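S.K.: Please find one structure pasted underneath; my questions will follow.
The values are calculated or read from the model by the stated rules, or taken from the named source; none is laboratory data. In this text, all values refer to a predicted model and were calculated from it rather than measured experimentally. Cβ sites come from the backbone with ideal geometry, for glycine too, and all protein chains shown count toward neighbours. Remember, those area values only see protein heavy atoms, side chains included, never the ligands or the DNA or RNA. Shrake-Rupley method; radii C 1.70, N 1.55, O 1.52, S 1.80 Å.
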Amino acid sequence: MSKLIVKKFGGTSVANVERIEAVADNIERTIKAGSKVAVVLSAMGKSTDDLIALSKQINPEPDLREYDALVSTGEQVSVALLAMALLKRGIKGKSYTAYQLGIRTNSSHSRARILDVDVDKITKEIEEGAVPVITGFQGMNEFGDITTLGRGGSDTTGVALAVALDADECQIFTDVDGVFTTDPRIYDKAKLLKNVSFEEMLELSSMGAKVLQLRAVEYASKFNMPIRVVSSFNEGEGTLVQEEKNIMERPIVSGISSVDTEAKLTIRGVPDIPGVAAKILGPISDAGIDVDVIVQNIGADKTTDFTFTVDKSDFSKAEKILKETSNSLGGGQVEVDDQIAKISIVGRGMRAHAGIASKMFQALAENEINILMITTSEIKISVVISKDEMKDAVRALHDAFDLDRELDT
Ligand code: ADP
Ligand code: ASP
Ligand code: MG
């Protein structure tokens with residue numbers, strides 16, 4: 001029986017008509033080699049950014065139902081163009097929006113979660129030799145409204161479709177050769193990783209490695225669907241993201257992620273009594289704002305300082321809420337800083353090794369990089385630093401942990 005491959009192509013891979021023709025060639029080669037194919041596409045180039053910018057011109061905080069109706073349109077353009085390019089080659093390409101197909105999500109507009117994908121319609125078509133070309137990033141909720149899955153969400157559509165179709169492979173085509181030890185655009189010494197475990201990729205993605213959307217990795221891990229990340233520009237094996245047990249021994253630290261999309265808020269002089277953290281963060285979470293790094297200082301004079309980070313898109317809302325909390329708690333000043341970056345080192349090997357944190361802090365100290373906050377998990381250490389030191393910190397840590405050495409994994 002022939003193999004079924006789900007191929008997802010990102011924005012740069014479909015940025016113009018020439019790139020779309022190249023994607024059609026890729027699909028034609030796969031079909032000629034005897035496989036069946038289903039395709040998921042992102043919007044062309046930066047068109048999602050342009051649509052978001054348009055919506056913000058009307059209202060900086062637009063109605064989210066209408067925001068989703070707007071920003072989902074980018075994908076509708078690319079899928080129709082690719083279907084045309086396939087038809088030109090004599091391949092039965094057929095475009096589908098998430099609505100036409102039945103990609104059901106919850107109702108969290110702008111960051112919806114996929115609940116299930118109805119593949120009945122396309123399964124038969126694939127058997128008959130057609131190639132469905134499906135819009136990434138979008139879904140529909142129980143009311144039939146269009147939803148979107150958050151930035152980078154086409155990766156999740158790709159994985160969800162591969163799971164629903166019980167595909168043999170899920171390939172994510174992007175503009176770099178695979179998953180690297182760190183963002184190759186930040187450090188040219190970054191090395192391509194041939195294998196990454198789901199667990200490591202979850203940490204790398206959640207800490208900012210946007211090469212795979214976090215939800216896509218969560219979905220793949222939950223259903224044990226391996227993902228191959230490959231370049232749509234260069235030939236190569238790329239990176240296989242899969243269950244840990246299949247992966248050989250590994251260095252202590254396998255990757256470094258960085259993000260500069262968070263902001264830091266501090267509330268000073270709050271009473272150092274039980275329940276105060278809940279009083280501060282309760283209203284923040286009630287407003288649907290996710291909090292990331294949290295630090296509460298040791299109290300002095302029966303008061304304490306409390307600091308946390310949120311995504312920049314939630315920054316002004318969080319600041320307003322925190323000022324109200326400060327008034328009601330009789331707390332002091334609220335201080336904010338949106339010029340921060342978070343750098344994380346990730347590795348399964350960290351579990352069994354002490355001293356990794358001190359090595360990380362030493363490397364930062366030698367480069368005169370001041371640490372503002374620290375947080376750890378079993379296989380990750382993150383620090384918050386000043387945004388203008390982000391690239392230097394990534395390079396310093398990449399060197400300190402020798403990540404540019406040749407790996408045989
Ligand atoms: P696509 O449009 O194909 O979905 P994205 O821009 O979402 O592509 O993701 C690919 C980008 O992810 C790369 O261009 C690279 O700059 C960035 N990136 C960040 N961290 C990593 C990493 N560890 N390995 C590879 N790429 C990374
Ligand atoms: N087009 C969407 C975005 O730019 C989804 C994606 O590319 O994965 O975020
Ligand atoms: Mg992406």
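S.K.: When only residues in the range 161-205 that are touching a residue at least 60 places away in the same chain (Cβ under 8 Å) and in a helix (DSSP H, G or I) count, which is nearest to residue 1 (Cα to Cα)?
M.R.: 165
S.K.: Can you tell me which of (1) buried (at least 22 other Cβ atoms within 10 Å of the Cβ); (2) under 23 Å from the mean Cα position of the chain (by Cα) is the one residue 231 doesn't meet?
M.R.: (1)
S.K.: Quick check on my filter: what residues within the range 1-21 are open to solvent by 30 Å² or more (accessible area, probe 1.4 Å) and among the aliphatic types (A, V, I, L, M)?
M.R.: 1, 15, 17
S.K.: Can you pull out every residue in the range 72-84 that is open to solvent by 10 Å² or more (accessible area, probe 1.4 Å) and either more than 25 Å from residue 148 (Cβ to Cβ) or not small (Gly, Ala, Ser) (or both)?
M.R.: 73, 76, 77, 81, 84
S.K.: Of everything in the range 204-235, what is within 20 Å of residue 343 (Cα to Cα) and within 11 Å of ligand 1 (Cβ to nearest atom)? Give them in sequence order.
M.R.: Matches in the range 204-235: 204, 205, 207, 208, 209, 210, 211, 212, 213.
S.K.: Could you say which residue among 158, 144, 139 is modelled with pLDDT of 95 or more and assigned to a loop (DSSP other than H, G, I, E, B)?
M.R.: On the way: 158 fails: assigned to a loop (DSSP other than H, G, I, E, B); 139 fails: assigned to a loop (DSSP other than H, G, I, E, B).
The match here is 144.
S.K.: Quick check: is even one residue across the range 181-197 hydrophobic (A, V, I, L, M, F, W, C), within 16 Å of ligand 3 (Cβ to nearest atom) and surrounded by fewer than 23 Cβ atoms within 10 Å (Cβ to Cβ)?
M.R.: no
S.K.: Applying the selection to the range 162-176, what residues are within 13 Å of ligand 2 (Cβ to nearest atom) and surrounded by 21 or more Cβ atoms within 10 Å (Cβ to Cβ)?
M.R.: Filtering the range 162-176 down to residues within 13 Å of ligand 2 (Cβ to nearest atom) leaves 172-175.
Scanning the range 162-176 gives 172, 173, 174.
S.K.: Hey, does the range 218-227 have a residue that's outside any strand (DSSP E or B) and either under 25 Å from residue 386 (Cβ atoms) or at pLDDT below 95 (or both)?
M.R.: no
S.K.: Taking the options 24, 33, 53, name whichever one is loosely packed, with under 14 Cβ neighbours inside 10 Å, over 22 Å from the mean Cα position of the chain (by Cα) and at pLDDT 95 or above.
M.R.: 33
S.K.: Within the group 71, 39, which residue is within 16 Å of ligand 1 (Cβ to nearest atom), under 15 Å from residue 136 (Cα atoms) and touching a Pro at 6+ places or on another chain (Cβ under 8 Å)?
M.R.: 39
S.K.: Taking residue 251 as meeting all but one of (1) more than 16 Å from ligand 3 (Cβ to nearest atom); (2) over 29 Å from residue 115 (Cα atoms); (3) touching a strand residue (DSSP E or B) at 6+ places or on another chain (Cβ under 8 Å), write down the number of the exception.
M.R.: Going through the list (1) more than 16 Å from ligand 3 (Cβ to nearest atom); (2) over 29 Å from residue 115 (Cα atoms); (3) touching a strand residue (DSSP E or B) at 6+ places or on another chain (Cβ under 8 Å), residue 251 breaks only (3).
S.K.: In addition: I'd like the full set of residues that are in contact with a strand residue (DSSP E or B) (Cβ under 7 Å, 6 or more places away or on another chain) and open to solvent by 50 Å² or more (accessible area, probe 1.4 Å), limited to the range 377-409.
M.R.: Across the range 377-409, the qualifying residue is only 387.
S.K.: Mind listing whichever residues of the range 286-304 are of a type in the set (Gly, Ala, Ser) and surrounded by 12 or more Cβ atoms within 10 Å (Cβ to Cβ)?
M.R.: 287, 299
S.K.: Assess whether residue 89 counts as being open to solvent by 30 Å² or more (accessible area, probe 1.4 Å) and either within 29 Å of residue 128 (Cβ to Cβ) or within 16 Å of ligand 3 (Cβ to nearest atom) (or both).
M.R.: Taking the combined requirement at face value, the residue satisfies it.
S.K.: If you check residue 119 against the conditions, is it touching a Phe, Trp or Tyr at 6+ places or on another chain (Cβ under 8 Å) and surrounded by 19 or more Cβ atoms within 10 Å (Cβ to Cβ)?
M.R.: Taking the combined requirement at face value, the residue does not satisfy it.
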